[in-house]
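Take a look at the structure below.
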Amino acid sequence: MYRYDSYDQAMVDARVEEFRDQCRRRLEGKLTEDQFKPLRLMNGLYLQLHAYMLRVAVPYGTLGGDQMRALADIAEKYDRGYGHFTTRQNIQYNWIKLEDAGDILADLASVEMHAIQTSGNCIRNISSDHFAGAAADELVDPRPYAELLRQWSSFHPEFAYLPRKFKIAVIASTTDRAAMKLHDIGIRIVERDGEQGGELGAQFYVGGGMGRTPMIAPCINEFVPLDRLITYAEACLRVYNRHGRRDNKYKARIKILVHELGAEEYTRQVDAEYAHMLDQGVEPPFAELERIRTFFADPEFRAADEASASNEPAKTASEPAFQRWVRRNTNPHKAPGYVSAVISLKPVGGIPGDATAEQMRLMADLAERYGFDELRVMHTQNIVLPHVHQSDLPAVWRALDGAGLSTPNLDQIGDIIACPGLDYCSLANARSIPVAQKISERFEASGKGEALGELKLKISGCINACGHHHAGHIGILGVDRKGVENYQLSLGGSEAEDTALAKITGPGFSEEGIVDAVETAADVYLRERTEGERFLDTYRRIGMTPFKEALYG
Amino acid sequence: MADPVTHSDGPQSDGQGHNSGLLRYRDDKAASHAAVTVDAFVDQDDALAVRIEPGDEARELIPHLARVKLVEVNFPAFGDGRGYSAARILREAGYDGELRAVGDVLVDQLAYMRRCGFDSFDPDAPLDAGDVEAALARWPDVYQSAADDRTPIWTKRHA
């Protein structure tokens, strides 16, 4: 994984000092709250319902064991002993004191971490495929390109006061595990003309997003050469910075600009800006990309038939619970004998994405012992050990099982994405977490979770859609109806390569009613499905009507 | 890259003495021409100073840059970042005259403005000289190229 050199470290250290100075000037009254707010936001500090929230960046979701331990230390020292992993592969702490923020940033900087640009109207942390560098189906590791974009976007002087926030995702596989087309810019690394072994380049999808106006990004350029990647991105941003709407914050995202101009006209403007920029020296030396790639070289994988590094009793491998976990929570790896193992942060009845300091330390230990000291944060709010030798899986599972981290529910109905909702968030209209808890408990009790197979359920507590409800096979949106929480159900969304936006079934439900409604929709699927069909496939084949009849008939 | 502008070591007071809050990072004398709107500037052959508002098209000035003595870029609100792009566009087009940020110009945006090519500042509220100095000395390096002459980290790594 990427490690800082003295340049990177000096920049992060300077940022800590800058923020300390800004806090001092705020306290001295030299900065008004209006002037201070965007500065603290660009250091990840939000004012929530009950306290400050600090969002720490995990660039492209990759972190080392030492970094995970530092996150655990921060949870204990400055928060309530836990943290919350987010849908943008970051971690949030929900009970932070403003006066501690400078010290937390300094602690983070000591392990090459920061909270730079995790909020505010700027280019946010770059996200990527959580199985990058491991997945059997990837073309190349997408993270070197994400790292190059991280450097480019950090402290970018022209793009710190954009019309609105700006999110970029990079993938390099035909399978989309990063909701790439639902980002402001989604980049897929491809071979020219799709020819095997062809020159690598970047496909640009611009203008996707969720929020109150969900849109799927159109492809505006099929192939940007890698030695023009940054220049093209800069052109995309400049057109947005100049022409994105600033009169209405709800119409300020780039998706609205692309939609109002039309993808063709936006592309034309980008191309004109790009042509102009080509001789402006925007592009980094290609040697930098090559330098970055060396950090993402494969670890020294063991032979496929090598024995386990642990003393775990052989009988563990035959336990049904272990086998179910391996079936459900591991992903094929490019190296023979290896898998990527998903650590579920979705225990039945738990808070999606939360992990305690002890759990974080355990995950760090497992990464160090069995996973080349590397972890990933998934946008689905779970953690991955990307490179685990199959012979070590019993020991990994045993340790996870002892810490409440072995729920075998990856991509099943219990693996719910939920925003913090009205329990924490000042924007929310309704609670998300209790609904997620009730649904996971209901399906655990009925035992239907395993039978339902892949069924992605996502819950947002307001129309800002942080819980990705538009992209759920089943989506739930909490709204406020005359002072009472009400939940709208939608079906048919997908954030994968078959990206689709979910459609609302009809009138909303009460908190109890929505749990019944989800079960009703699941039962329609179980009744109607044909061999091998996922919920989403059945919905696409039979349409909304049978679901509506069951829900409202 | 646009031609680098001449930098002096620090801000100078305005030779005209009409504005005590003016910060300049140029060695030449401050322009004192009254700035007109972009539309007026394009129409009037004798205008020498122009003020760009956030919604204006900075590129309309490019054919007329030879006679421009001063470009003011207005920031009615510090959170409106269009002026940063306007500044870079003019520097990229070769403009090396005075480029002045005016309006809601605050110390925490100064370093980015310098990087985008601004070399003078006329803030609505005067800035603390110590804070300005600290802000401009803050960053040991830069990650990306802009309109200033700083060498990006990714170039230094491979020099």
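The values are calculated or read from the model by the stated rules, or taken from the named source; none is laboratory data. In this text, all values refer to a predicted model and were calculated from it rather than measured experimentally. Reconstructed Cβ throughout: ideal geometry from the backbone, glycine too, with neighbour counts over all protein chains shown. For accessibility, only protein heavy atoms count, side chains too; no ligands or nucleic acids. Shrake-Rupley method; radii C 1.70, N 1.55, O 1.52, S 1.80 Å.
Here the label points at A:E306 and A:L278, each 7 Å from Cα along the C-beta direction, are separated by 4.8 nm in the simple model.
Each peptide in B:32-39, A:491-498 receives the mean, over its residues, of other Cβ atoms within 10 Å, and ordering these scores from highest gives A:491-498, B:32-39.
Please tell me which of these pairs span more than 23 angstrom C-alpha to C-alpha: A:K249/A:K458; A:K30/A:K97; A:K37/A:K167? If you can, show how the numbers build up before the last one.
Working: A:K249/A:K458 25 Å; A:K30/A:K97 21 Å; A:K37/A:K167 20 Å.
Distance filter (> 23 Å) returns A:K249/A:K458.
Projecting the Cα atoms of A:L71, A:G447, A:L149 onto the charge dipole of chain A, computed from C-beta unit charges around the Cα centre, puts A:G447 farthest toward the positive end.
For the stretch A:124-254, what does the accessible surface come to per residue with a 1.4 Å probe? Please give it in Å². Display every interim value, and only then the final one.
Details: 3450 Å² over 131 residues.
Roughly 26 Å² per residue, with all protein chains present.
Provide the gained length on full extension for the span A:D298 to A:R24, in nm with one decimal, where the gain is 0.36 nm per separating residue minus the Cα-Cα distance. Could the numbers behind the result be given before it?
Numbers: separation 274, 0.36 × 274 = 98.64 nm, distance 4.48 nm.
Extra length from A:D298 to A:R24 when fully extended: 94.2 nm.
The calculated FRET efficiency for the pair A:N248 and A:L427, based on their C-beta separation and a Förster distance of 22 Å, comes to about 0.85. The A-B contact accounts for approximately 4000 Å² of buried accessible area, totalled over both chains at a 1.4 Å probe radius. Scanning residues 5 or more positions from A:G44 or on other chains, those with amide H under 5 Å from its amide H are A:Q117, A:T118, A:S119, with H placed 1.01 Å from N in the peptide plane. Here each label is just a point 7 Å from Cα along the line to Cβ, and for A:K438 and A:R3 those points are 5.0 nm apart.
For the stretch A:208-350, with all protein chains present and a 1.4 Å probe, just round the carbon and sulfur fraction of the accessible area to a whole percent.
Numbers: 3320 of 6400 Å².
After summing per-atom areas, the C and S share lands at 52 percent.
Only helices enter the 222 nm calculation for chain B: every DSSP H run of n ≥ 4 contributes -39,500 (n - 2.57), and dividing by all residues gives -6000 deg cm²/dmol, rounded to 500.
Among rounded, prolate and oblate, which fits the stretch A:106-189 when a ≥ b ≥ c are the square roots of the eigenvalues of its C-alpha gyration tensor, a/c under 1.5 means rounded, and a/b larger than b/c means prolate? It comes out oblate by the Cα gyration axes. Relative to the current alpha-carbon distance between B:R59 and B:D46, full extension at 0.36 nm per residue lengthens the span by 2.8 nm.
Taking label points 7 Å from Cα along the Cα-to-Cβ direction, A:E265 and A:A445 give a separation of 5.5 nm. When nucleic acids and ligands are ignored and a 1.4 Å probe is applied, A:K315 ends up with an accessible area of around 140 Å². Which shape class, rounded, prolate or oblate, goes with the stretch A:1-68 when its Cα gyration tensor gives a ≥ b ≥ c as root eigenvalues, a/c under 1.5 marks rounded, and past that a/b bigger than b/c marks prolate? Judged from the Cα gyration tensor, the stretch A:1-68 comes out oblate (a/c at least 1.5, b/c at or above a/b). Run down the lysines and flag those whose C-alpha is under 18 Å from the C-alpha of A:K456, throwing out any fewer than 8 positions away in its chain. Straight-line reach from A:K456, under 18 Å: A:K181, A:K346, A:K438, A:K448, A:K503. Among beta bridges from DSSP that stay inside the protein assembly as shown, the antiparallel ones total about 65%. Counting Cβ atoms of other protein chains within 10 Å of each residue's Cβ and taking the mean over peptide A:159-166 gives 4. Available extension along the chain between A:V348 and A:L47 is 105.4 nm, counting 0.36 nm per residue and deducting the alpha carbon span. Secondary structure note: in the stretch A:406-553, about 65% of the DSSP beta bridges are antiparallel. Distance from the Cα centroid of the stretch A:11-45 to that of the stretch A:497-523 is 43 Å (rounded to whole angstrom).
Using a 10 Å cut-off around each Cβ of peptide B:91-104, what is the average number of partner chain Cβ atoms that fall inside? Let's see the in-between values first.
On the way: counts 1, 6, 1, 0, 0, 0, 0, 0, 0, 0, 0, 0, 0, 1.
Going residue by residue through B:91-104 and averaging, the value is 1.
Could you order the peptides A:343-353, A:53-63, B:70-80, A:477-487 from most to least packed, using the average number of other C-beta atoms within 10 Å per residue?
Values: A:343-353: 22.3, A:53-63: 25.5, B:70-80: 20.3, A:477-487: 16.8.
The most tightly packed comes first, giving A:53-63, A:343-353, B:70-80, A:477-487.
Within the protein assembly as shown, A:C23, A:C122, A:C219, A:C236, A:C425, A:C462, B:C116 have no other Cys Cβ under 4.7 Å of their Cβ and so lack a disulfide-compatible partner by this rule.
Computed from backbone phi, the HN-Hα couplings of the stretch B:108-122 come to 6, 9, 4, 5, 5, 5, 4, 5, 7, x, 5, 10, 8, 9, 10 Hz, rounded to whole numbers (Karplus: 6.51 cos²θ - 1.76 cosθ + 1.60, θ = phi - 60°; Gly and Pro given as x).
Our summary of shape: the Cα atoms of the stretch B:23-156 have principal axis extents of 44, 35, 29 Å, ordered from largest down, in whole angstrom.
Could you work out, residue by residue across A:473-481, how many beta carbons of other chains sit within 10 Å of that residue's beta carbon, and then give the average as an integer?
Details: counts 0, 0, 0, 0, 0, 0, 0, 0, 0.
Neighbouring Cβ atoms belonging to other protein chains average 0 per residue here.
Note on the stretch A:421-552: with charges restricted to the Cβ of Lys and Arg (+1) and Asp and Glu (-1), its dipole about the Cα centre is near 340 debye. Residues whose amide H lies under 5 Å from that of A:D354, counting only those 5 or more places away or on a different chain, are A:F85; hydrogens are built 1.01 Å from N in the peptide plane.
Any number yet on Rg/Rh for the protein assembly as shown, C-alpha, Kirkwood? Please report the intermediate quantities before stating the final value.
Working: Rg = 26.5 Å, Rh = 26.8 Å.
Radius of gyration relative to Kirkwood radius: 0.99.
Per residue, the stretch A:332-401 exposes an accessible area of 26 Å² to a 1.4 Å probe, with every protein chain left in place.
At 222 nm, what helix-only mean residue ellipticity would chain A give, in deg cm²/dmol to the nearest 500, using -39500 (n - 2.57) for each DSSP H run of four or more?
Computed mean residue ellipticity for chain A: -11000 deg cm²/dmol.
The H on the amide N of A:H333, modeled in the peptide plane, is under 5 Å from the matching H of A:A136, A:S340, each at least 5 residues off or on a different chain. With R₀ fixed at 60 Å, the C-beta to C-beta distance from B:R67 to A:S318 puts the FRET efficiency at about 0.10.
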